[in-house]
1. Identify all residues within the stretch 452-468 that are closer than 28 Å to Met193 by Cα and in contact with a Phe, Trp or Tyr (Cβ under 9 Å, 6 or more places away or on another chain); write none if there are none.
2. Quick one: in the stretch 64-84, of everything that is at pLDDT 95 or above and open to solvent by 80 Å² or more (accessible area, probe 1.4 Å), which residue is farthest from Arg10 (Cα to Cα)?
3. From the list Glu372, Glu340, which residue is open to solvent by 40 Å² or more (accessible area, probe 1.4 Å), within 30 Å of Pro448 (Cα to Cα) and charged (D, E, K, R)?
4. Only one of these is buried (at least 18 other Cβ atoms within 10 Å of the Cβ), of a type outside the set (Phe, Trp, Tyr) and closer than 23 Å to Ser161 by Cβ: Ala103, Ala97, Ala14, Ala33. Name it.
5. Taking the stretch 106-121 only, how many residues are under 30 Å from Asp170 (Cα atoms) and either hydroxyl-bearing (Ser, Thr, Tyr) or open to solvent by 10 Å² or more (accessible area, probe 1.4 Å) (or both)?
6. Every residue in the stretch 228-259 that is open to solvent by less than 60 Å² (accessible area, probe 1.4 Å), of a type outside the set (D, E, K, R) and within 20 Å of the chain's Cα centre (by Cα), please.
7. Within the stretch 445-470, count every residue that is farther than 14 Å from His427 by Cβ, crowded, with 16+ Cβ neighbours inside 10 Å and not small (Gly, Ala, Ser).
8. Can you go through Leu292, Leu225 and tell me which one is outside any loop (DSSP other than H, G, I, E, B) and surrounded by fewer than 20 Cβ atoms within 10 Å (Cβ to Cβ)?
Amino acid sequence: MRVEFSGRERDLAALGQQWQSVVDASAASRGRAVIVTGRRRVGKSRLVQEFSDRLDAPSVVFQATRGRNPAAERADLAEAVVQSDLPGRAEVAGLTATDWNQALRLLAMALPDDVPSLVVLDEVPWLMAQDSEFEGALQTVWDRHLRAKPVLMLLVGSALSVMESLQSHDRAFYGRAAAMTIHPLHLADVADMAGLPAADAVDAWLITGGFPEVVASWPQGSSRLDFLRRSLDDPLSPLLVSGQLTLLGEFPEPSLSRQVLEAVGAGERTYATIAAAVSAGTVPSGTLSPLLKTLLVKRALADELPLSTAVDTRNRRYRVADPYLRFWLAFAPDVVALAERGRADLALARVERSWASWRGRAVEPLVRSSLERLLPDDAWPDVMTVGGWWNRQNNPEIDLVGADRTPARSLGFVGSVKWHDTQPFDHKDFACLLRDAPAVPGASPDIPLVAVSRNGAEPGLPLAACWTPADMVAAWR
């Protein structure tokens with residue numbers, strides 16, 4: 001039985017545009033290559049398979065196997081071509097390839113010259129790791145054979161740095177492919193798939209991170225507590241297992257990098273606090289900076305600087321970039337063991353103890369990215385980026401700063417995020433914001449004050465704007 005596919009309409013549309021350029025022969029060459037990347041388990045393979053299934057065109061989809069012998073991989077590619085519906089598949093049946101140049105030429109022989117076709121090579125980084133000749137062979141066969149055919153070739157892979165290296169100017173395939181990054185499902189997709197109102201959809205997104213497998217396990221209309229209770233009662237639930245698999249894919253062995261990632265996931269945000277958290281382990285002095293840099297390159301961590309008209313490069317903060325791993329690293333190390341013991345009650349109580357404080361901080365990156373999709377607008381035509389501001393003492397700490405760029409030349413507003421279950425943004429919250437706003441470098445005495453609140457704002461507060469969960473969901477539609 002075929003699993004229903006939902007969401008990803010923008011990604012499908014983007015692939016459709018690439019396909020249409022092949023159909024219309026509107027590109028510089030008849031063939032088009034697209035590098036499709038994204039974090040592990042984000043749904044890349046499922047997306048390209050769905051795209052292939054929806055096309056009424058000849059296609060072949062090949063997925064590599066990690067650590068496999070290159071000769072076996074080439075044989076599997078040839079078999080995939082023979083088993084496909086490509087018009088020239090009979091011509092290559094029985095032929096063998098002793099290197100990747102020959103294997104890719106067999107693929108080219110099977111492709112039609114007169115109608116568009118689709119080729120998907122999945123897990124390209126594994127092919128590159130198995131045989132250093134693959135990348136050069138891909139460039140040679142593309143230039144000599146594939147690009148002359150009406151083919152859309154999708155090169156799919158999870159190792160972000162490896163996939164991005166394909167586009168580097170000193171690499172063989174440079175300049176031959178467009179690039180497309182697949183992100184987790186966005187907030188509106190999660191709201192639709194889980195059948196939830198806006199405020200509850202935000203909770204669902206924070207828990208699942210928009211990872212398709214985890215979102216798909218959320219029963220339509222279920223509350224946050226019901227979903228957590230159900231998931232924590234099953235040690236093999238996608239909520240618990242997907243995080244373990246994601247970490248194993250990124251860090252197959254215990255490592256210093258994983259220690260640093262876990263420290264950030266536990267709530268440490270600054271260099272000093274991260275260093276203190278891992279110094280009790282095995283991270284030697286002087287190695288934290290390169291570890292942080294590696295995690296940033298791998299997109300496991302993201303870093304942020306205070307946003308204002310004063311440049312401050314010494315007050316950097318770190319957070320887990322993967323939205324699902326933010327939840328998993330914060331809670332799963334404690335609750336997985338409880339779930340395996342059959343104590344879902346204790347596991348749920350552990351989550352509930354920290355839920356409100358964790359959610360209050362975890363929602364801020366989602367709020368900022370949502371506002372960046374809503375702005376600029378008529379009220380703030382010059383606000384192009386939204387960040388936060390803090391000093392070294394985190395006193396004050398400003399949740400929202402709207403600016404023209406990073407670093408800012410001018411500020412559009414200063415604001416606060418309040419994400420309580422029942423309490424609206426009230427006069428006390430406004431008084432704190434009014435008191436703290438002047439601390440932001442570049443904030444004029446009359447700078448507009450704004451809020452984002454789960455339950456709106458008390459009537460009569462002199463806010464320039466108050467955005468709600470409904471506005472955040474609408475930003476992603």
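1. Here is the first cut: in the stretch 452-468, the ones closer than 28 Å to Met193 by Cα are 452-456, 466-468.
Passing the criteria: Val452, Ser453, Arg454, Asn455, Gly456, Cys466.
2. Ranking the candidates gives Glu79 first.
3. Details: Glu340 fails: within 30 Å of Pro448 (Cα to Cα).
It is Glu372.
4. Working: Ala103 fails: closer than 23 Å to Ser161 by Cβ; Ala97 fails: closer than 23 Å to Ser161 by Cβ; Ala14 fails: buried (at least 18 other Cβ atoms within 10 Å of the Cβ).
That would be Ala33, the only listed residue that is buried (at least 18 other Cβ atoms within 10 Å of the Cβ), of a type outside the set (Phe, Trp, Tyr) and closer than 23 Å to Ser161 by Cβ.
5. Of the residues in that region, 3 qualify.
6. Pro238, Leu239, Leu240, Val241, Ser242, Gly243, Thr246, Leu247, Gly249, Phe251, Ser257
7. 9
8. Details: Leu292 fails: surrounded by fewer than 20 Cβ atoms within 10 Å (Cβ to Cβ).
Matching residue, one of Leu292, Leu225: Leu225.
The values are calculated or read from the model by the stated rules, or taken from the named source; none is laboratory data. Values in this document were obtained by computation on a predicted structure and should not be read as measured data. Cβ coordinates were reconstructed from backbone atoms using ideal geometry, including for glycine residues, and neighbour counts include every protein chain displayed. Surface accessibility is based on the protein's heavy atoms, side chains included, excluding ligands, DNA and RNA. Shrake-Rupley method; radii C 1.70, N 1.55, O 1.52, S 1.80 Å.
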